[in-house]
Amino acid sequence: MIGSGVLNGMAVTLRNFIGSYFEKDRLITVQYPEEREALPENYRNFPFLVYDTDDAEAGLRCVACKICEKECPPQCILIVKSEDKKPDYMGKQQFYPQVFDIDISVCMSCQICVEVCPFEAIKMDKVFELSRRERFDALLMRKDELAKSNTYYHAIHPLEAAEVDANLAAAAAKKKPAIEPRPTPNATT
Amino acid sequence: MESLEEIKARAEAAVPGARIDIVPNPGPANQPSLLLDNEHAAAIALFLRDDPALQLDHCSNATGVDWLDRTVSKKVKVKKVVEGEEKEVEETQEEFFPGYLEAVYHLYSMTHKHGPIVIRMRTADRAEGARLPSLTPIYRSAEFQEREIFDLYGVRFEGHPDLRRILMWDEFEDYPMRKDYREPDDYEYEPTAHDDVLEKAKQHSSARPKLDGAEKLTAQS
Amino acid sequence: MMSSGAERSAVEGPRSTALPVTPRDPSTALGMTARLEGELMEISMGPQHPSTHGVFRMNVALEGEVVRKLKPVFGYLHRNHEKIGENTSYLGSMPYTDRLDYFCSMTNNWAYALSVEKLAAIEVPERAEYLRVILAELTRLQNHASLLGFLLSDMGAWGTPLMYAFREREIILDLFESLSGSRMMCDYMRFGGCRCDLPPGWMERARKVVDAFPRFLDEFERLIVSNEILIARTQNVGRISGELAINAGITGPMLRACGVNYDLRKVDGYGFYPRFKFRVPLGDHGDCYDRLMMRVLEMRESIAILKQAMEQLPAGPIMNPKVKIRAFKPPAGEAYGRIEGPKGELGFYLISDGGPNPYRYRVRPPSFINLTVLEDLCLGHTVADVMVILGSIDIVMGEVDR
């Protein structure tokens, strides 16, 4: 019968339409912003700097080694080293960044800076609602905006943060600085 | 598949007057290439495509490479007379390789499922005389790729049915992928004053910066 | 309300005549910007067009509704990816490869990693190879699904099949998100393995997705395969012979629709593909309908590969420990590595001079080269068929222009 193919197709559409009232996986719209989907643990958006205690200045892990600045593909990080030194998590005197700017209109969230940081100082944040009203200065995030505490890091990436803490504790026990971060060990699946 | 030497011998026999060289490829990839002379390149490519043992009918990739003049310095042990005695002394020898623009083609065979054979053609001229024979009449897949080499490197392909710019707009001047391409000062065309725009503008009056990479090449290509 | 010309110019100012009209514009189909030449009318389809799969322009010279000449114009999305590759380190180019064919970032990453591994003779551990195969086949699934959705949407199905296809694609992208952190720009492969391992529970979710996919495929097939409108619009439209396809460098499903048995997963046998049993579907006529059905059949084969790979996935390291992440300097030389991407043969040609940046970094884009025969395919067909043919070639402007 001519038209049977079209009718077959319409039957599929009708099934999907009626089914969307009953089956959950046929109705997939999420009513944002009233409803939000949970972001997976590994989700990454823009980087942020981690500080250990409650003090954003003294507990900042970054030692201004400038490796992330060098490795960043679109060159969106600007670091200026400080003149003086302050003690790090192991008590050793280290430089700290006087200026740490990331231009988030340039950053492409590739997380290479996280991968190459030897001090577990920069990690990926999950915030994506970052719109601003101006194009140039407002999209430049400075050190005060970028620095977030370790508790915040535990809240957004619990598994990863637990592992980082274990690495840092092990390195402090051996009295050697933590070397380049390893990939996550095999999952048991 | 035959070795490159055998292919070279048979191609030179099939196309009289052809001169083919084998360009070694250092490094573990083991993909040496054949350097064809510009006069007979089209005939050699036709032989490579139609020869029953080779049947290289799939031109997978056609690309251009820019080599500038470079001096490679090597440390060589040389016997020299020093203070009346003949001794072996380490000396730095510098070898000068003139630059050229190059077109590289990767050929595979869909009938015999072997490959790749890499062929190259070179031209030393960087201005009006940068001409190479087009392989588009033999491999249709080279049509857009040779246009791209023309657009980005400035090499004119003789025998190409429709040679004009493909990725840049038609009125664009200069050839962006060349190593001595000078970038525009400011890509954004915004009225914001930033320091590196002013820095770049200063370079118009000074000599061009020396490029790295080309001089550190340790093997002849 | 119509105002006279004099009134209008008093308000807006005199019309500027600064721009000269070029009498011969080489990019147009007829070589001139005149609108009518004899009986041929020239129109420009694109660059802003809902159905051209990106910013792509075609200058078409029509006689009535029939295409007499066609010239494609590219370059609207040119981002000089190859020049950026020359100024960035090998690791830094990896996120840029995500953005080449933005639908299939995992396969782009794999092609680049494969080329660098060929260049520097790096070995990849077993688990990493299996993961690469799994992710590449998932990418193929979601790419073919979205292509079918887009093609049907271009043909006037007003987005319903597109939304069904995207529903499945979103599930697969959720898998990518929980693995690599980002839905589309995954930046997941590294030279010598993969960046990070599977999070807990990922494998079960992936198995569920792969088990549920055939239900979607059956439904989709019922939607399209026997649909008379689709058959009338795609059969015998845009036929291409096998010889022309081989000579024009066409690869991927478009080539196999002409009957040429050339699938890099079988020919080159890269990765661990020789360990899996799968068939290579071939078409008979080389027209749009065959190309469409190729994708449906390839999705079924991908599901077969996925099931085998997920079963055989071993435990072990996912990264070769000898490879440096920073300051990676492969030995001098050149290499050309290629894989069977969802759109065709994606190849990377790298020349290294021993330094941290490549000397020449070249992408062999399958969509760009598949477009060589666009004019041949469209001649003699109507304007409406041009969209169907373009859709069946499966292009992504990110790859065409780089």
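No lab work stands behind these numbers, since they all come straight from the coordinates. The structure displayed is predicted, hence computed values, not measured ones. Please note: Cβ atoms are built from the backbone with ideal geometry, for glycine as well, and neighbour counts cover all protein chains shown.
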Relative contact order computed over chain A (Cα-Cα under 8 Å; 6+ residues apart), in percent: 23
Segment C:247-286: Cα Rg divided by the 2.2 N^0.38 Å rule of thumb: 1.23
In sequence order, calculated HN-Hα J values of segment C:266-283 (Karplus, 6.51, -1.76, 1.60; Hz; x Gly/Pro): 8, 6, 7, x, 6, x, 10, 4, x, 7, 9, 9, 8, 9, 10, x, 10, x
Listed residues C:I240, C:I318, C:I43, most fluctuating in chain C (Gaussian network, C-alpha, under 10 Å): C:I43
Karplus-derived HN-Hα couplings along segment C:181-198 (A = 6.51, B = -1.76, C = 1.60, θ = phi - 60°), whole Hz, x at Gly and Pro: x, 9, 5, 9, 9, 6, 6, 9, 7, 10, 6, x, x, 10, 6, 9, 8, 5
On Cα atoms only, tilt of C:383-393 relative to the major axis of chain C in degrees: 10
Chain C: most fluctuating residue of C:R265, C:R326, C:R132 per GNM, C-alpha cutoff 10 Å: C:R326
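Show that you can apply the helix-only estimate: for the protein assembly as shown, add -39,500 (n - 2.57) for every DSSP H stretch of four or more residues, divide by all residues, and state [θ] at 222 nm to the nearest 500.
On the way: 26 runs with 281 residues, N = 812.
So the helix-based figure for the protein assembly as shown works out to -10500 deg cm²/dmol.
As a quick test, which of the pairs A:K70/C:K71; C:K118/C:K277; C:K83/C:K343; C:K118/C:K307; C:K83/C:K208 have an alpha carbon distance above 32 angstrom in this structure?
Working: A:K70/C:K71 43 Å; C:K118/C:K277 25 Å; C:K83/C:K343 24 Å; C:K118/C:K307 28 Å; C:K83/C:K208 42 Å.
From A:K70/C:K71; C:K118/C:K277; C:K83/C:K343; C:K118/C:K307; C:K83/C:K208, over 32 Å: A:K70/C:K71; C:K83/C:K208.
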Theoretical FRET efficiency, 1/(1+(r/R0)^6), r = Cβ-Cβ of B:T111 and C:E375, R0 25 Å, to 0.05: 0.45
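Ignore the peptide's own chain and count Cβ atoms of other chains within 10 Å of each Cβ in B:142-148; give me the average, rounded.
Working: counts 5, 5, 10, 7, 0, 1, 6.
That average works out to 5.
Assigning unit charges at the beta carbon (Lys, Arg +1; Asp, Glu -1) and nothing else, what dipole magnitude in debye, to the nearest 20, does segment C:81-364 show about its Cα centre? Display every interim value, and only then the final one.
Details: 37 positive and 35 negative charges, 105 e Å.
With Lys and Arg at +1 and Asp and Glu at -1, about 500 debye.
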Diffusion constant of segment C:81-364 at 37 °C, which comes from Stokes-Einstein with the Kirkwood Cα-pair radius and 0.692 mPa s, µm²/s: 167
Average Cα contact separation per residue, segment C:106-187, under 8 Å, 6 or more apart, as relative contact order %: 23
Magnitude of the charge dipole, segment A:47-174, Cβ model with Lys/Arg +1 and Asp/Glu -1, debye to 20: 220
Projected label distance in nm at B:V89 and C:M184, using a 7 Å step from Cα toward the beta-carbon: 6.5
Spatial separation of Cα centroids for segment A:1-27 and segment C:306-385, in angstrom: 39
Test item: C:324-336 mean partner chain Cβ contacts at 10 Å: 6
Cα-based Rg and Dmax for segment C:151-293, where Dmax is the largest Cα-Cα distance (Å): 18.3, 49
Ratio Rg/Rh [Cα only; Rh per Kirkwood] for chain A: 1.18
Three-way shape call for segment C:251-386 based on the alpha-carbon gyration tensor, with the a/c threshold at 1.5: oblate
Amide proton proximity set for A:A147, modelled H, under 5 Å, gap of 5+: A:L49
Rounded to whole Hz, the Karplus (6.51, -1.76, 1.60) HN-Hα couplings of segment B:173-180, x for glycine and proline: 10, 6, 10, x, 7, 5, 6, 9
Of C:L374, C:L151, C:A206, farthest towards positive along the dipole that unit charges on Lys, Arg, Asp, Glu beta carbons give chain C: C:A206
GNM flexibility winner over chain C from C:R207, C:R295, C:R239 (Cα, springs under 10 Å): C:R207
Dimensions (Å) - the protein assembly as shown, Cα atoms, principal axes, largest first: 90, 82, 75
0 to 90° range, to nearest 10: angle between helix C:202-224 axis and chain C longest Cα axis: 40
Sites A:S82 and A:L140, calculated FRET efficiency, Cβ-Cβ separation with R0 22 Å, nearest 0.05: 0.65
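About the Cα centre of the protein assembly as shown, how large is the charge dipole given +1 on each Lys and Arg Cβ and -1 on each Asp and Glu Cβ? Please answer in debye to the nearest 20. Before the final figure, lay out each step's value.
Values: 100 positive and 122 negative charges, 279 e Å.
Here the size comes out at about 1340 debye.
For peptide A:28-35, what's the mean number of Cβ atoms from other chains within 10 Å of each residue's Cβ? It would help to have the intermediate numbers written out before the result.
Values: counts 5, 0, 0, 0, 0, 0, 0, 0.
Taking the mean over all residues of the peptide, I get 1.
How high is the relative contact order of chain C? Use alpha-carbon pairs under 8 Å, at least six apart in sequence, and give a whole percent.
Numbers: 723 pairs, mean separation 96.0, N = 402.
Reported relative contact order: 24 percent.
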Degrees between helix C:105-120 axis and first principal axis of chain C (Cα, 0 to 90, nearest 10): 60
Among beta bridges that DSSP assigns inside segment A:47-174, antiparallel share in %, nearest 5: 80
Distance-filtered residues of segment C:352-394 - backbone nitrogen under 17 Å, label point 7 angstrom along C:E39 Cα→Cβ: C:380-383
Spin-label model distance (nm) - C:R222 vs A:A56, 7 Å beyond Cα toward Cβ: 5.8
Estimated inter-spin distance, C:Q235 and A:I28, nm [label 7 Å along Cα→Cβ]: 3.1
